[in-house]
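Chemist: Have a look at this one.
The values are calculated or read from the model by the stated rules, or taken from the named source; none is laboratory data. Owing to the predicted nature of the structure, the values given are computational and were not obtained by experimental measurement. Heads up, the Cβs are rebuilt from the backbone with ideal geometry, glycines too, and the neighbour counts pull from every protein chain shown.
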Amino acid sequence: MTTLKSPSKFRIAIVGAGLGGLLFALFLQKHAEDIEVDIYESAHELTELGAGVAMWPRVWELIKYLGLEEELLEISGSSRAGAPNFVFEKADEAQSVYIHTFPAPAQTFHRADLQKLLAKHLRAYDRIQYAKRLASYTEPASESDPIVLKFRDGTEATCDVLVGCDGIKSAVRRTMYTRMADEAEANGQAEEATRLRAMNDPIWSGCVAYRGLIPAGQLENSDRKEALVPRIVIGKHKNVVIYPISGGEIVNVVAFVETPGGRGTHYSGPWVSTSTTEEVAQQFSGWAPIIRTLVNSWTNPTVWAIHTAAELPTFVKGRVVLLGDAAHAMTPHQGSGAGQAFEDGLILSSLLAHPSVNLKTISRALKIYDDVRRPFAQNIQRVSDLTGSMYHLHEMGWEKVSAEESMAGQYPPELLSAWGQRMSELLVWVSEGDSLKAREQVVSLLESTLA
């Protein structure tokens, strides 16, 4: 591990030490020895929320690119023999109905294992500063002046580039878009100011997700064998995602329940709260036996209100940049929220690390980041929403099938085969896309821009 500092061309402050912020720091570490990094985390220690994380081939290539593959497989207990494929089934009826097996494998892990590994590989001088919750920042008065960070504990810090990796409730985004709205208002653009202020507010997707972990050993043999097969099961207004983590010792289960017409309305309860086994079991009464077995095996499940970010008109203002959920929080139905944050980090670090990028030319690099990453990530936001609508049987003729008919198996069987084909089309990018090739392309674009 490198421990000696090289002279820095500029200092980057990363606000947020979640998966996106940590991986961005590691990409910077790989691409540039001459960039100094400070990481500010609001929590008192690393406490990654959630339980499981699945990585499609496109994202797994980035883990291998950083040289973390073997170590992650070791600490997670995952198999080196190859990752399994997800099976799609319809399960809101007496017996599950097989639909399709997606051909691309997915590596599955406990999020905490991944977060700890990323933090372990930070350079000795890129320490995470804990209990630092950002309140706001002050923009620099000139090209050479620093950005001033203001924390809730009354302290301040400075940087040359600020990268907001602070999630869906991002303080960096709020400050950025409040300033943009203030500027629009000062120019007499009241309607635009209102629109920009609205970009700060997360949008409820209309869904909640019940989350829980089940020790595989407490399941009966037949149930355990079935539960250890990664699967996405669908039904009217609901779906369940199941996959093993920690080397198959734990089954990660996430059960989504939609409130029809709820999207875009205000969610009045806490975003994360505890639920009961009885509440979840009632939601999935009448579903296939394996689903009822799993939801009845939970102890102290949590319920999460799933929110997304608005489609922002920019991820960049001056030398301030948004990354991951701060920029494009999305529903989890494509399993790509973390992966898109990783791709943000790959592209942004590659641009900032380029020898031609300094404080005089950084605006061009950041414009390329915005021009390339924003449309791509926002498209995945939309595709993820569509995928959720597919899971809840609102598309391709299923909107004409009632919940009662769906549970009774009273639907044309060809609807299932058409559903499987369309789902393969929606997910093909996670296995056939190449984010490392995209990195080469943006570097070439930067070089042509600065030539």
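Chemist: State yes or no: is residue 312 closer than 24 Å to residue 118 by Cβ and modelled with pLDDT of 95 or more?
Modeler: Answer is no for this residue.
Chemist: Of the residues that make up the range 134-154, is at least one among the small types (Gly, Ala, Ser) and in a helix (DSSP H, G or I)?
Modeler: no
Chemist: Give me the strands (runs of 3 or more DSSP E) completely within the range 1-66, filtered to those with at least 1 residues that are under 25 Å from residue 434 (Cα atoms) and modelled with pLDDT under 95, ordered by residue number.
Modeler: Ranges flagged: 52-55.
Chemist: Then there's this: Name every residue in the range 410-430 that is among the hydrophobic types (A, V, I, L, M, F, W, C) and in a loop (DSSP other than H, G, I, E, B), in order of residue number.
Modeler: Of everything in the range 410-430, just one residue is among the hydrophobic types (A, V, I, L, M, F, W, C) and in a loop (DSSP other than H, G, I, E, B), namely 428.
Chemist: Ok, one more. Is there any pair with a first residue in the range 401-412 that is within 18 Å of residue 390 (Cβ to Cβ) and a second that is hydroxyl-bearing (Ser, Thr, Tyr) whose Cβ atoms are under 9 Å apart and which are 6 or more apart or on different chains, and what are they?
Modeler: 401/411; 405/411
Chemist: Still on this model: Only one of these conditions is not met by residue 326: (1) assigned to a loop (DSSP other than H, G, I, E, B); (2) under 12 Å from the mean Cα position of the chain (by Cα). Which number is it?
Modeler: (1)
Chemist: Now for a separate question. Within 18 Å of the chain's Cα centre (by Cα), within 18 Å of residue 237 (Cα to Cα) and surrounded by 13 or more Cβ atoms within 10 Å (Cβ to Cβ): does that describe residue 385?
Modeler: On the way: within 18 Å of the chain's Cα centre (by Cα): yes; within 18 Å of residue 237 (Cα to Cα): yes; surrounded by 13 or more Cβ atoms within 10 Å (Cβ to Cβ): yes.
Criteria met by residue 385.
Chemist: So, residue 433, is that one outside the structural domain of residue 288 (by TED's automatic domain parsing), in contact (Cβ under 8 Å) with a residue 24 or more places away in the chain and not basic (Lys, Arg) or not?
Modeler: It is true that residue 433 is outside the structural domain of residue 288 (by TED's automatic domain parsing), in contact (Cβ under 8 Å) with a residue 24 or more places away in the chain and not basic (Lys, Arg).
For (1) assigned to a helix (DSSP H, G or I); (2) over 29 Å from residue 57 (Cβ atoms); (3) not assigned by TED's automatic domain parsing to the domain that holds residue 256, each residue gets a yes or a no:
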position: 279; (1), (2), (3): yes, yes, no
position: 285; (1), (2), (3): no, yes, no
position: 292; (1), (2), (3): yes, yes, no
position: 303; (1), (2), (3): no, yes, no
position: 314; (1), (2), (3): no, yes, yes
position: 321; (1), (2), (3): no, no, yes
position: 330; (1), (2), (3): no, no, yes
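Chemist: What are the pairs, 6+ residues apart or on separate chains, where a residue within the range 246-265 that is more than 28 Å from residue 199 (Cα to Cα) has its Cβ under 6 Å from a residue that is among the hydroxyl-bearing types (Ser, Thr, Tyr)?
Modeler: 252/243; 255/210
Chemist: Return a yes/no flag: does the range 165-182 have any residue that is acidic (Asp, Glu), in a loop (DSSP other than H, G, I, E, B), buried (at least 18 other Cβ atoms within 10 Å of the Cβ) and touching a strand residue (DSSP E or B) at 6+ places or on another chain (Cβ under 9 Å).
Modeler: yes
Chemist: Just for strands (runs of 3 or more DSSP E) wholly inside the range 71-123: which have at least 2 residues that are touching a Ser or Thr at 6+ places or on another chain (Cβ under 9 Å), surrounded by fewer than 20 Cβ atoms within 10 Å (Cβ to Cβ) and modelled with pLDDT under 90? Before the answer, list the steps.
Modeler: Numbers: elements: 85-90, 97-105, 107-110.
Answer list for the range 71-123: 97-105.
Chemist: Ok, one more. Is it the case, given these coordinates, that residue 380 is under 19 Å from residue 438 (Cα atoms) and surrounded by fewer than 24 Cβ atoms within 10 Å (Cβ to Cβ)?
Modeler: yes
Chemist: Related question: I'd like to verify a number: residues in the range 297-334 that are among the acidic types (Asp, Glu) and crowded, with 20+ Cβ neighbours inside 10 Å, how many?
Modeler: Within the range 297-334, the first condition is being among the acidic types (Asp, Glu), and the residues that meet it are 311, 325.
Subsequent filtering for residues that are crowded, with 20+ Cβ neighbours inside 10 Å retains 325.
So the answer is 1.
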